[in-house]
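The block underneath contains the structure these notes are about, expressed in structure tokens.
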Amino acid sequence: MSDPRKHPENSREENETNPASLETETAWDSLFTGRVDDSTINFSIGAPGPSILSSLPGLFLSASSHRLSTNLGSLFQYGPEVGIRQYRIELAKFLTRRYGDRVVEDELLLTCGATNGLHLTISSLVKQGGTVFVEDPTYFIALSLLSGDMGLRVVPIRMGEDGMDTEHLEQMVVKEAARNVGGVGSDGDRFWGLIYTIPTFHNPTGTTFSTKTGSRMVEIARQSGLLVFCDDVYNLLPYTQLEYSRLKSLDTSGPGSVISN
């Protein structure tokens, strides 16, 4: 095989005749390096496979063409901070159908993804140097963001068969609350700490929290002035009906303390 550096015209011709050669390298290339073949279904990471992604270019092209043909330019203007209202209305309808309980559009906020949602929540609602209680083990990228990027004190909580060990959580919350100025409660407009949790198909254990465990977690958070941040990225994937649609549905007393991300 000839070296394309010695024959640049050959490389150029190949790119012009083969659009696939112009593909930009993505995270997919590094995450799935070493897979046996394209027929293998890889469950080692939560990412869509090529068979799904390959159907999207046509859909996006059609939708974009339609939208641009009916828009006079406002599409390129700054949008609302919480996201376009019509989109939030449609998203609320979709989630209401899938969850089986009402989702209100005014409680939805559009982000760039789960990690962006976590970063936005902590930077806006949790005091600097606060405490975060996490399942042991937990999602490694979130753990890196919580401790490294956001500078929170990470307190690991044991996992049980039904999810987070709420007795251990309560013990550690009482201990950590005593270290915070003012004790249990929030610091002005911000929470002194939060519980970061993946209650549905927990990553990496796969555990789904029981209703009893979820309700007790919400109760501890409410009594202690903590925010509960749920990474709910897997909630719509069950083959059978779950005990409850999402942890937020168990947060029914007083002002809400649960954010579904």
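The values are calculated or read from the model by the stated rules, or taken from the named source; none is laboratory data. All values reported here derive from a predicted model rather than from experimental measurement. A quick note on method: Cβ atoms are made from the backbone with ideal geometry, for glycine too, and the neighbour counts reach across all protein chains shown. Note: areas computed on protein heavy atoms with side chains; ligands, DNA, RNA excluded. Shrake-Rupley method; radii C 1.70, N 1.55, O 1.52, S 1.80 Å.
Numbers at a glance
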{"quantity": "Pairs, first under 19 Å from Q86 (Cβ atoms) and modelled with pLDDT under 90 in segment 49-68, second open to solvent by 60 Å² or more (accessible area, probe 1.4 Å) and not in a loop (DSSP other than H, G, I, E, B), C-beta under 7 Å, six or more apart", "calculated": "R67/L75"}
{"quantity": "From G151, G130, residue being farther than 18 Å from E219 by Cα, assigned to a strand (DSSP E or B) and out of contact with any Ser or Thr (no Cβ under 9 Å at 6 or more places or on another chain)", "calculated": "G130"}
{"quantity": "Single residue of L169, L95, L143, L91 found to be assigned to a helix (DSSP H, G or I), hydrophobic (A, V, I, L, M, F, W, C) and over 26 Å from T252 (Cα atoms)", "calculated": "L143"}
{"quantity": "Unique match (being touching a residue at least 24 places away in the same chain (Cβ under 8 Å) and either open to solvent by 80 Å² or more (accessible area, probe 1.4 Å) or over 27 Å from S210 (Cβ atoms) (or both)) among D149, D136", "calculated": "D149"}
{"quantity": "Residues (open to solvent by less than 60 Å² (accessible area, probe 1.4 Å), out of contact with any Leu (no Cβ under 8 Å at 6 or more places or on another chain) and over 19 Å from A142 (Cβ atoms)) located in segment 228-252", "calculated": "L236, P238, L242, S245, S249, L250, D251"}
{"quantity": "Of the criteria (1) open to solvent by less than 40 Å² (accessible area, probe 1.4 Å); (2) at pLDDT below 95; (3) not polar (S, T, N, Q), which one L169 fails", "calculated": "(2)"}
{"quantity": "Among the residues listed as T207, T115, T197, T121, the single one being open to solvent by 60 Å² or more (accessible area, probe 1.4 Å), of a type in the set (S, T, N, Q) and closer than 30 Å to Q241 by Cβ", "calculated": "T115"}
{"quantity": "Single condition V103 does not satisfy, out of (1) of a type outside the set (F, W, Y); (2) exposed (fewer than 10 other Cβ atoms within 10 Å of the Cβ); (3) modelled with pLDDT of 90 or more; (4) within 21 Å of L237 (Cα to Cα)", "calculated": "(2)"}
{"quantity": "Pairs where the first residue, in segment 234-261, is within 26 Å of N116 (Cβ to Cβ) and at pLDDT 90 or above and the second is of a type in the set (A, V, I, L, M, F, W, C) and in a loop (DSSP other than H, G, I, E, B), C-beta under 6 Å, 6+ apart", "calculated": "Y234/F201"}
{"quantity": "Hits in segment 202-256 - residues which are in a helix (DSSP H, G or I), more than 15 Å from I157 (Cα to Cα) and among the small types (G, A, S)", "calculated": "S215, S224, S249"}
{"quantity": "Considering residues of segment 152-165 that are in contact (Cβ under 8 Å) with a residue 24 or more places away in the chain and open to solvent by 60 Å² or more (accessible area, probe 1.4 Å) only, the residue nearest to T197 (Cα to Cα)", "calculated": "D162"}
{"quantity": "Residue in segment 114-127 that is in a strand (DSSP E or B), over 23 Å from S249 (Cα atoms) and not acidic (D, E) present", "calculated": "yes"}
{"quantity": "From K212, K175, residue being closer than 20 Å to L250 by Cα, of a type in the set (D, E, K, R) and open to solvent by 70 Å² or more (accessible area, probe 1.4 Å)", "calculated": "K212"}
